[in-house]
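Structure record follows, encoded as C-alpha cells.
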Amino acid sequence: QVQLVESGGGLVQPGGSLRLSCAASGSIFSINAMGWYRQAPGKQRELVAGITRSGSTKYAASVKGRFTISRDNAKNTVSLQMNSLKPEDTAVYYCNRDPAFVGLWGQGTQVTVSS
C-alpha cells in the first residue's frame, strides 16, 4: 500500500514562491495520473494540478500559468512549483491519485499567503 507524505508548505508573502513535494513510500510508476489538491477553510477540496505517467499536465484555471506540476517516477516524488502566490491560494495542499483515492489522503501541508 503506497503512502504519500507532503512537505514544503509555509508562510509566504503575496507574489512569493513555494515548492511542494510529495514523497511516496512505494512505487508510483504504476499510478497513471497523480494530482495536487487543496482545501481552503470552509471550501471543498479541489484538484489544482494533475500529471500523467507520461508527463501530460492539466491545471485549474485559477492556477494556470503560476503553478507547475512535475513527477519523478524513479524517485517516487511529485512536486508542485507555485509562483506569484496570492492570498486566495491559502489552503492545505495534498497529493493523491487523479482521480483521488480515499485511502491515499495524507496529512497535507499548509500554505499561507499573507503580508
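The values are calculated or read from the model by the stated rules, or taken from the named source; none is laboratory data. What you are looking at is a predicted structure, and each value in this text was computed from that prediction instead of being measured. No Cβ is skipped: glycine too gets one built from the backbone with ideal geometry, and neighbour counts run over all protein chains shown. When the accessible area is computed, the model is the full protein with side chains, heavy atoms only, and any ligands, DNA or RNA have been set aside. Shrake-Rupley method; radii C 1.70, N 1.55, O 1.52, S 1.80 Å.
The set of residues in the stretch 65-89 being at pLDDT 95 or above, more than 12 Å from the chain's Cα centre (by Cα) and of a type in the set (A, V, I, L, M, F, W, C) consists of Leu85 alone. Close contacts from the stretch 66-88, counting a first residue that is touching a residue at least 24 places away in the same chain (Cβ under 8 Å) and at positive phi and a second that is among the small types (Gly, Ala, Ser) and open to solvent by less than 50 Å² (accessible area, probe 1.4 Å), with Cβ to Cβ under 6 Å and a gap of 6+ residues or different chains, come to Asn76/Ala24.
Scan the stretch 18-31 for residues that are over 12 Å from Leu104 (Cβ atoms) and in contact with a strand residue (DSSP E or B) (Cβ under 6 Å, 6 or more places away or on another chain) and jot them down. Lay out the reasoning, then the answer.
Taking the stretch 18-31 and keeping what is over 12 Å from Leu104 (Cβ atoms), we get 18-21, 23, 27, 29-30.
Across the stretch 18-31, the qualifying residues are Leu18, Arg19, Leu20, Ser21, Ala23.
Within the stretch 63-77, is even one residue out of contact with any Leu (no Cβ under 8 Å at 6 or more places or on another chain), more than 25 Å from Ser115 (Cβ to Cβ) and β-branched (Val, Ile, Thr)? Within the stretch 63-77, one or more residues are out of contact with any Leu (no Cβ under 8 Å at 6 or more places or on another chain), more than 25 Å from Ser115 (Cβ to Cβ) and β-branched (Val, Ile, Thr). Taken over the stretch 37-52, residues that are of a type outside the set (Phe, Trp, Tyr) and either assigned to a strand (DSSP E or B) or in contact with a Lys or Arg (Cβ under 8 Å, 6 or more places away or on another chain) (or both) amount to 10.
Report, by residue number, each residue of the stretch 62-81 that is small (Gly, Ala, Ser) and either open to solvent by less than 20 Å² (accessible area, probe 1.4 Å) or in a strand (DSSP E or B) (or both).
Correct list: Ser70, Ser79.
Residues of the stretch 1-36 that are free of Cβ contacts under 8 Å to residues at least 60 places away in the same chain and part of a strand (DSSP E or B): Ser21, Ala23, Ala24, Trp36.
The residues of the stretch 82-115 that are surrounded by fewer than 17 Cβ atoms within 10 Å (Cβ to Cβ), part of a strand (DSSP E or B) and in contact with a Leu (Cβ under 8 Å, 6 or more places away or on another chain) amount to a single one, Thr112. Among the candidates Ser56, Ser62, single out the residue that is modelled with pLDDT of 95 or more and closer than 21 Å to Gly8 by Cα. Step by step, each of Ser56, Ser62 is checked, and only Ser62 is modelled with pLDDT of 95 or more and closer than 21 Å to Gly8 by Cα.
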